[in-house]
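The structure under discussion appears below in the form of structure tokens.
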Amino acid sequence: MALLDILEFPDPRLRKVAKPVTEVTDSTRQLIDDMFETMYAAPGIGLAATQVNVHERILVIDVSENGDDPQVFINPEIEVLDPNLGEYDEGCLSVPGFYETVQRPQRIRVTSMGRDGETTTRELDGLLAICLQHEIDHLDGKLFIDYISPLKRQRIRKKLEKAQRQRA
Ligand code: GNR
Ligand code: NI
């Protein structure tokens with residue numbers, strides 16, 4: 001197991017579009033294990049491979065209270081079941097310290113593979129549906145701050161750039 005480095009906005013690598021996984025192998029499962037370790041350590045409720053600079057369509061999520069419900073989504077595809085939007089104050093490990101209200105569809109159906117390559121389809125709502133959409137955005141090179149005003153996004157960019165300079 002290994003802790004992976006998480007890319008931070010405005011790193012241009014967060015804008016890459018991840019490629020579908022063609023075969024789930026032992027090295028895929030090694031990456032998934034490292035992603036869970038990194039997500040739980042952060043701590044966070046989800047992590048996309050893009051955030052650890054791997055540009056493949058792999059997500060890990062655990063929205064349970066006790067952190068005992070790890071869920072893997074490989075090549076996730078979603079359909080919106082209820083176009084009514086819900087609001088949630090979102091945060092992101094790649095935009096540390098900032099929270100903004102984002103609107104997303106509340107009920108979705110997702111088809112994806114699990115860690116053994118098996119395909120399943122599930123209907124999701126609540127925080128899991130929100131988190132899954134946030135993570136799929138990462139695979140498409142999108143961040144939750146893309147939904148807010150350019151002025152607010154620019155302010156966040158400046159603050160994070162300054163924090164990153166001070167760390168370097
Ligand atoms: O840990 C996280 N919390 C969170 C809260 C509201 C909406 C989405 C998230 S995902 C985030 C971890 C992360 O950045 N995943 O990409
Ligand atoms: Ni995120």
Over all Cα pairs of the stretch 65-160, how is the pair count split among 10 Å bins, expressed in % and running from 0 up to the last occupied bin? 14, 42, 32, 11, 1
TM-like helix rule applied to the chain (DSSP H, alpha carbon span at least 15 Å on the long axis, mean Kyte-Doolittle at least 0.0) gives 126-139
Qualifying GluC sites (Glu not before Pro) for the stretch 62-146 [loop in DSSP, other Cβ within 10 Å: at most 11]: Glu65, Glu118
Label points 7 Å out from Cα along the Cβ direction at Asp82 and Tyr99: separation in nm? 2.4
Selected from Val72, Val24, Val102 as most flexible by GNM, with the chain as the system and alpha-carbon contacts under 10 Å: Val24
tail above 18 Å in the computed P(r) of the stretch 1-95, as % of all Cα-Cα pairs, reads 51
Could you grab the relative contact order for the stretch 4-139? Cα pairs under 8 Å, six or more apart, rounded to a whole percent. 25
Fully extended, how many nm does the chain gain between Glu161 and Leu3 (0.36 nm per residue separation, minus their Cα-Cα distance)? 54.6 nm
GNM flexibility winner over the chain from Leu124, Leu31, Leu151 (Cα, springs under 10 Å): Leu151
Tell me the Kirkwood hydrodynamic radius of the stretch 9-168 in angstroms, computed as one over the mean inverse distance between distinct C-alpha pairs. 16.3
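How big is the Kirkwood radius of the stretch 111-168, worked out from every pair of different alpha carbons and given in Å to one decimal?
Details: mean 1/r = 0.0700 Å⁻¹.
About 14.3 Å for the stretch 111-168.
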Can you give the calculated 222 nm mean residue ellipticity of the chain, where each DSSP H run of n ≥ 4 adds -39,500 (n - 2.57) and the sum is split over every residue, rounded to the nearest 500 deg cm²/dmol? -9500 deg cm²/dmol
What net charge do the residues around Val102 carry, taking every other residue with its C-beta under 9 Å from that of Val102, with Lys and Arg at +1 and Asp and Glu at -1? -3
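Among DSSP beta bridges whose residues both lie in the chain, state the antiparallel percentage, nearest 5. Intermediate results must be reported in sequence, preceding the final value.
On the way: 25 of 26 bridges.
Bridges in the chain that DSSP calls antiparallel: roughly 95 percent.
Every number here is computed from the coordinates shown, using simple stated rules; none is lab data. Note that the structure is a prediction, hence the values are computed from the model and not measured. Every residue, glycine as well, gets a Cβ built from its backbone with ideal geometry; the counts of neighbours run over all protein chains shown.
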